[in-house]
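> One structure, as structure tokens, below. Some questions next.
The values are calculated or read from the model by the stated rules, or taken from the named source; none is laboratory data. Only a predicted model underlies this, so the values are computations on that prediction, with no experimental measurement involved. All Cβ positions, even for glycine, are placed from backbone atoms using ideal geometry, and neighbour counts span all protein chains on display. Just so you know, the surface numbers come from the protein's heavy atoms only, side chains and all, with ligands and any DNA or RNA stripped out. Shrake-Rupley method; radii C 1.70, N 1.55, O 1.52, S 1.80 Å.
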Amino acid sequence: MAYYIEQKAEIRSIERARQAWRQAGPFWSAIPIGRVDKMMARDYRDHRSHCKAVTVRNELAIVRAALNLCEEDKLIAKAPFVQMPSLPQNGVKHLTKDQFRKLIAGTEKGAPHIALFMQLAIATGARMAAILELKWDQVKLDSGRIFLNPEDRIATSKGRATVPINDQLRPALEAAKVAATSDYVIEHNGKRVGSIKTAWNAAARRSGVKATPHMLRHSAAVWMAEAGQSMDVIAQFLGHTDSRITQRVYARFSPDFLRGAAEALTY
């Protein structure tokens, strides 16, 4: 099993996979691949019941990915179904538009890269890695589109969409393009930015808004849902391969969610 975890890690985030396997390894490493079944996945959830659901989901995700690779290599006839623990209904932490304006106002003038990161994150709904890896050849100002998935990137379950550039983002991108000294959209002192942690934390502290970078992706999805965009459209915007994921997480933020059912209860 450990071998297939490492193989899958080459395709996905290596560090994330290794962190997950450090926790999952003691439970799974001694189990022959052919003996892994749905019951063992349930036993693992019980074994890690003291952890947050999202943590266990990340650990089981890498196990499931490795099992799927075993199936591809014909080591097992069929990868067993791995049931993920449910996330709590209040698990979607997001910012209101007013909170976002306060957060971006908290960025320092000497760190324009963090403000641009925030603008890109909220306008594209992209994950942090996609934004930090974004190059100028993926930004088509003439046609008004951003290709979040570079041509040489191996496709993974973390889909990256092609999204339009809205009217609010365009001036920021045009100014950043003129000032650019590297191939990367998010740069600082002429170099690619590997981490925004320090600048992000400083902006959050000054603004008084408690937030994480990933909350901007959730915020983008929630704002679209609140504006009445369909779950299929939001799924495509976020790069979800299955709109049922989008439906489960964001449908309740739509003004029309369960509206028909509620109207049926009038008398």
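> How about segment 242-257: which of its residues are surrounded by 13 or more Cβ atoms within 10 Å (Cβ to Cβ) and assigned to a loop (DSSP other than H, G, I, E, B)?
If the condition is that a residue be surrounded by 13 or more Cβ atoms within 10 Å (Cβ to Cβ) and assigned to a loop (DSSP other than H, G, I, E, B), then Ser254, Phe257 are the ones that fit.
> Is it the case, given these coordinates, that Ala121 is open to solvent by 30 Å² or more (accessible area, probe 1.4 Å), more than 17 Å from Lys177 (Cβ to Cβ) and among the hydrophobic types (A, V, I, L, M, F, W, C)? Show your work before the answer.
Details: open to solvent by 30 Å² or more (accessible area, probe 1.4 Å): no; more than 17 Å from Lys177 (Cβ to Cβ): yes; among the hydrophobic types (A, V, I, L, M, F, W, C): yes.
Spelling it out, it is not the case that Ala121 is open to solvent by 30 Å² or more (accessible area, probe 1.4 Å), more than 17 Å from Lys177 (Cβ to Cβ) and among the hydrophobic types (A, V, I, L, M, F, W, C).
> On to the next question. Counting just the residues of segment 182-198 that are open to solvent by 100 Å² or more (accessible area, probe 1.4 Å) and not in a helix (DSSP H, G or I), which one comes out nearest to Asp142 (Cα to Cα)? I'd like the intermediate steps shown before the answer.
Taking segment 182-198 first, the residues open to solvent by 100 Å² or more (accessible area, probe 1.4 Å) are 183, 189, 191-192, 197-198.
Among the residues that remain, those that are also not in a helix (DSSP H, G or I) are: 183, 189, 191-192.
Working: Asp183: 18, Asn189: 27, Lys191: 25, Arg192: 24 Å.
For segment 182-198, the residue satisfying everything is Asp183.
> So Asp152 clears everything in (1) in contact (Cβ under 8 Å) with a residue 40 or more places away in the chain; (2) in a loop (DSSP other than H, G, I, E, B) except one condition, right? Which one?
Every listed condition holds for Asp152 apart from (1).
> Taking the options Ala126, Ala130, name whichever one is assigned to a helix (DSSP H, G or I) and crowded, with 18+ Cβ neighbours inside 10 Å. Steps first, please.
Numbers: Ala126 fails: assigned to a helix (DSSP H, G or I).
Ala130 is the lone residue from the list that is assigned to a helix (DSSP H, G or I) and crowded, with 18+ Cβ neighbours inside 10 Å.
> Could you list, in sequence order, all residues of segment 48-86 that are surrounded by 15 or more Cβ atoms within 10 Å (Cβ to Cβ), of a type in the set (A, V, I, L, M) and either touching a strand residue (DSSP E or B) at 6+ places or on another chain (Cβ under 6 Å) or without any contact (Cβ under 8 Å) to a residue 40 or more places away in the chain (or both)?
Within segment 48-86, Ala53, Val56, Leu60, Ala79, Met84 meet the criteria.
> Another question, then. Among (1) at pLDDT 80 or above; (2) more than 26 Å from the chain's Cα centre (by Cα); (3) open to solvent by 30 Å² or more (accessible area, probe 1.4 Å), there is one condition Ile33 misses while meeting the rest; what is its number?
Just one mismatch for Ile33, condition (1).
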